[in-house]
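Take a look at the structure below.
All of the numbers you see were taken from the coordinates with simple rules; none came from a lab. Computed from a predicted model, the values in this text were never measured in an experiment. Using ideal geometry, Cβ is built from the backbone for each residue, glycine included, and neighbour counts are taken over all protein chains shown.
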Amino acid sequence: MVRPGFFILAAVLCPGPDAVAQGDARLAQALAEVARVAATFWHSAPDYVARETLNQKALTLPKRRFRAGASAIQPPKPEFSHREIVSYYALSSFRTSSEALHEFREIVSVDGQTKTGDSTPDKFRIVVNADDDKAKKALLNEFEKTSLAVAATDFGQLILLFTKANQAKYNFKLRGSALVGADRAMIVDFGQSAGGEALRVAEPGKEVREPLTGQIWIRESGLAPLRITLTTSRRDGSKTVRDEARVDYDPKANGMVLPVSIVYRRYVNDDLFVEAIYQYSDWQPVNNK
């Protein structure tokens, strides 16, 4: 079985030339708008707080049981464990690494059991907006400890992979169009062609960096990014490990987008190993009491 670990999505802003949109004026226009939205996200997303509900399932070995007879020699078979975590959610940066945004969560309940303490959205906002990196790291550690197996983190800011500077690291190709809800969207394939790999997979005893491929779904009316998907695959001994993620964004009237849902899945030899579905609601400006 593949060892558990944690996923960290690194979207580092680096200087570089404009992306070449393969001569397609419409694609070039769409990518320019995506870059503008990404810049707005970078400056404005930390001004909001939401409620996040995570439903997670992971393939784990059941607890050992003493058995008699022939069944005693049968090894236990992996089973899916389930967990629901409700948290306050916000994006911010560490004082020592202010060039990157990270997701921070204050857990409200686990599997329907309310967490003891006096946490409130306002108190959470104070911690997230302060320069106390130790307190922020404690939030990260608590979430990782509470999650099942692999924890997929820092996917809410996936849009930051496609700032104007970062677009030079990818090849883009217009694939066609499809519906996202009631919106008609153009589908743009992307593949990483340069720069440091954007997905860092940190697992016990090793660190693997993987290049990215995926799609950007861009609303045909107004060119707002509605969805970003990514896929990465690697060999782990005799196994093939594939990670897939999808982030759906909700465009706002001020030219901003905020995540409405994130779906992350890990497959081992095409069998589902982990699934995490994040839902976001009640987005509020930080200063709104």
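With the largest listed first and rounded to whole Å, the semi-axes of the equivalent ellipsoid of region 109-158 from the Cα gyration tensor are 19, 17, 11. Positive end of the charge dipole of region 75-162 (Lys, Arg +1 and Asp, Glu -1 on Cβ, about the Cα centre): tell me which of Leu158, Ser97, Ser109 has its Cα farthest that way. Going by the Cα projections, it comes out as Ser109.
The packing ranking, built from the mean of other Cβ atoms within 10 Å per residue, places the peptides 269-278, 100-109 in the order 100-109, 269-278, highest first. Ranked by the mean number of other Cβ atoms within 10 Å of their residues, highest first, the peptides 256-263, 168-175 fall in the order 256-263, 168-175. Using a cut-off of under 20 Å, list every residue of region 32-62 whose amide N is near the label point 7 Å from the Cα of Val110 along the Cα-to-beta-carbon line. The answer is 51-62. The orientation-averaged projected area of the convex hull spanned by the Cα atoms of region 92-178 comes to 9.2 nm². All other residues whose Cβ lies under 13 angstrom from that of Leu223 are scored, Lys and Arg at +1 and Asp and Glu at -1, for a net of +1. Checked against a 26 Å cut-off, the cross-linked pairs Lys164/Lys252; Lys77/Lys137; Lys145/Lys169; Lys77/Lys145 give Cα-Cα distances beyond that limit for Lys77/Lys137; Lys145/Lys169.
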